[in-house]
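K.L.:
Encoded as structure tokens, here's the structure I'll be asking about.
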């Protein structure tokens, strides 16, 4: 049995067609049913629906053999104890800094509001900027408006939320997309099943690009 | 000032309670007896040592994991052992100085500054065995077999063996002429088998296209027995040492398949566990339900050079606390049967108790005014006087 951990929302929606192509279609719909473990059309595969930030944890411990997680989540979690062999090229967006449109460029020690504490620390250090990071769990855009922070680090898709709040994207930190992650022990002990799944997915993704 | 929660232990530090301690000690004794049967002699390296000695031949990781303190006598930096393997290598190189193969084993608590990412413990009990003085694959085979015997003895079933060889990556990166920065960048990516990042990284390297191709393919070289035949094709243009490494892996796998026909074996040529330390074959044991390896080892030649003698070396280690906890799920070692004796100043009674204990029976003697009956103490038998004789009777 292979267990794949997926988070609800955009990643789930965009992963479904990829999984369907390799014969994995959930029998239950997580929107209408409250089950956390979803059976699929393949007897040997089940999906577990969890929070995006929990995907690396589940896979690390082997509670799930595979998982689908954004590169942002993996970087923030620290994923040395996972394999991440495949870029699924879904849920694409950019990780950027953003500030009020009239704000001057960063000078001296700045305050940054983000949920990506580690990534932000590393990024500003690489830019030679001393940054104090303020960890927030949501509504990052509010922070510069109320004087909580000089700028934010967040995912930017269309940029509409930024514009609606008089913010503008500044520096591009990196492109983000979802990766397939694999538990180390599962990769060894269930090698055949996992290798063939990886192979099929990789071929299908290559065809699309 | 007394902390409010003075019962609370530091993070990742644990007390071993009677039930666990019984299991742990049972396994410790059994495993050391097993090692002794294979000719591995027990050594007990010190809890603390000079920091530079402890960190010999190891990478940055061990330095980070080692608790440090200042020796008030010499002014030198000391470390609390975070891995006993270099200490045992020092014993072989400096103290024993034997010309023939030396077999040593050890068990003891080590301390880590940072908790294990999965188990969270900072005080594992390391148990292991090391074989010095033989450079061939036969000594690797011996320690792998001993590791598997150790796991079998702790009652762990469904063990899966993974084999790799760090010499392959080392030779390829040398052949490609990678700088040490590039090598560590690549190392990080290979550890995660992050193929997309690997391609990106490689695109930026100005190296021989053959080498580039071989390094890129390394992440795909994992799986069953066909991995080695694939590797022979893909790594055809590699250095001679890579071919030797593949031949050694093949031979070890064949020997193991003969001795243990039911053992599942997989290969992973991009497995770089302990890369900074190991020099050849690396191996690890996995079991279902645990997300990572439960015992690991490999070859680490010449670590003793700095202590005065360069010797080939191979060995393995595991966390005995983890093995004990895993095996407890399989079978339970009950508490010893206990006999309850009353408190009386009676020479015949004292004599009887002495006699029973000499027969390795457990006798618990009542203390005057104590609470708790024989039954409450968990005793299964009681000493009673019948016709002026003290006899053992089952608890009513």
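K.L.:
Do the conditions hold for residue B:270, that is, is it touching a strand residue (DSSP E or B) at 6+ places or on another chain (Cβ under 8 Å), crowded, with 19+ Cβ neighbours inside 10 Å, in contact (Cβ under 8 Å) with a residue 12 or more places away in the chain and within 13 Å of chain A (Cβ to nearest Cβ)?
P.N.:
So residue B:270 fits the description; yes.
K.L.:
Inside segment A:51-78, can you point out the residues that are in contact with a helix residue (DSSP H, G or I) (Cβ under 8 Å, 6 or more places away or on another chain), free of Cβ contacts under 8 Å to residues at least 60 places away in the same chain and within 12 Å of chain B (Cβ to nearest Cβ)?
P.N.:
Residues satisfying the conditions are A:57, A:75, A:77, A:78.
K.L.:
Okay, moving on. Looking at segment A:174-200, which of its residues are buried (at least 20 other Cβ atoms within 10 Å of the Cβ), within 30 Å of residue A:151 (Cα to Cα) and at the interface with chain B (Cβ under 10 Å from one of its Cβ atoms)?
P.N.:
Within segment A:174-200, A:179 is the sole residue that qualifies.
K.L.:
Taking helices (runs of 4 or more DSSP H) that fall entirely within segment B:1-117, which contain at least 2 residues that are in contact (Cβ under 8 Å) with a residue 60 or more places away in the chain?
P.N.:
Those helices (runs of 4 or more DSSP H) span B:18-37, B:60-65, B:85-90.
Listed here are the residues, each with its yes/no results for (1) touching a helix residue (DSSP H, G or I) at 6+ places or on another chain (Cβ under 7 Å); (2) closer than 27 Å to residue B:180 by Cα; (3) touching a residue at least 24 places away in the same chain (Cβ under 8 Å).
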site: B:266; (1), (2), (3): yes, no, yes
site: B:281; (1), (2), (3): yes, yes, yes
site: B:295; (1), (2), (3): yes, no, yes
site: B:317; (1), (2), (3): yes, no, yes
site: B:331; (1), (2), (3): no, no, yes
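K.L.:
Still on this model: Would you mind stating whether residue B:213 is touching a residue at least 60 places away in the same chain (Cβ under 8 Å) and outside the structural domain of residue B:240 (by TED's automatic domain parsing)?
P.N.:
No.
K.L.:
Exactly one of these conditions fails for residue A:45: (1) more than 14 Å from chain B (Cβ to nearest Cβ); (2) under 18 Å from the mean Cα position of the chain (by Cα); (3) within 24 Å of residue B:219 (Cβ to Cβ). Give me its number.
P.N.:
(2)
K.L.:
When segment B:298-332 is examined, which residues are found to be within 18 Å of residue B:154 (Cα to Cα), at pLDDT 85 or above and away from chain A (no Cβ under 14 Å)?
P.N.:
B:316, B:317, B:318, B:319, B:320, B:321, B:323, B:324, B:325, B:327
K.L.:
Across segment A:79-102, what is the total count of residues that are facing another protein chain (nearest Cβ under 8 Å) and assigned to a loop (DSSP other than H, G, I, E, B)?
P.N.:
Count: 3.
K.L.:
What are the residues in segment B:188-210 that are surrounded by 15 or more Cβ atoms within 10 Å (Cβ to Cβ), within 14 Å of chain A (Cβ to nearest Cβ), touching a helix residue (DSSP H, G or I) at 6+ places or on another chain (Cβ under 8 Å) and in a helix (DSSP H, G or I), if any?
P.N.:
Within segment B:188-210, B:189, B:190, B:195, B:197, B:198, B:201 meet the criteria.
K.L.:
State yes or no: is residue B:219 surrounded by 19 or more Cβ atoms within 10 Å (Cβ to Cβ), away from chain A (no Cβ under 12 Å) and either out of contact with any strand residue (DSSP E or B) (no Cβ under 8 Å at 6 or more places or on another chain) or not in a loop (DSSP other than H, G, I, E, B) (or both)?
P.N.:
no
K.L.:
While we're looking at this one, here's another question. Report, by residue number, each residue of segment A:54-76 that is surrounded by 20 or more Cβ atoms within 10 Å (Cβ to Cβ) and over 20 Å from residue A:9 (Cα atoms).
P.N.:
If the condition is that a residue be surrounded by 20 or more Cβ atoms within 10 Å (Cβ to Cβ) and over 20 Å from residue A:9 (Cα atoms), then A:60, A:62, A:65 are the ones that fit.
K.L.:
Please go through segment A:128-173 and give me each residue that is over 16 Å from residue A:117 (Cβ atoms) and either without any contact (Cβ under 8 Å) to a residue 40 or more places away in the chain or within 14 Å of chain B (Cβ to nearest Cβ) (or both), ordered by number.
P.N.:
Scanning segment A:128-173 gives A:128, A:139, A:142, A:146, A:147, A:158, A:159, A:160, A:161, A:163, A:164, A:165.
K.L.:
Which ones in segment B:249-262 are crowded, with 16+ Cβ neighbours inside 10 Å and at pLDDT below 95?
P.N.:
The answer is B:260, and nothing else.
K.L.:
Which condition number in (1) buried (at least 16 other Cβ atoms within 10 Å of the Cβ); (2) under 29 Å from the mean Cα position of the chain (by Cα); (3) part of a helix (DSSP H, G or I) is the one that residue B:152 fails?
P.N.:
(1)
Per-residue answers, yes or no, for (1) in a strand (DSSP E or B); (2) buried (at least 21 other Cβ atoms within 10 Å of the Cβ):
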residue: B:278; (1), (2): no, yes
residue: B:284; (1), (2): yes, yes
residue: B:289; (1), (2): no, no
residue: B:305; (1), (2): no, no
residue: B:314; (1), (2): yes, yes
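The values are calculated or read from the model by the stated rules, or taken from the named source; none is laboratory data. Bear in mind the structure is a predicted one, so any value in this text is a computation, not a measurement. Glycine also receives a Cβ, built like all others from the backbone with ideal geometry; neighbour counts cover every protein chain displayed.
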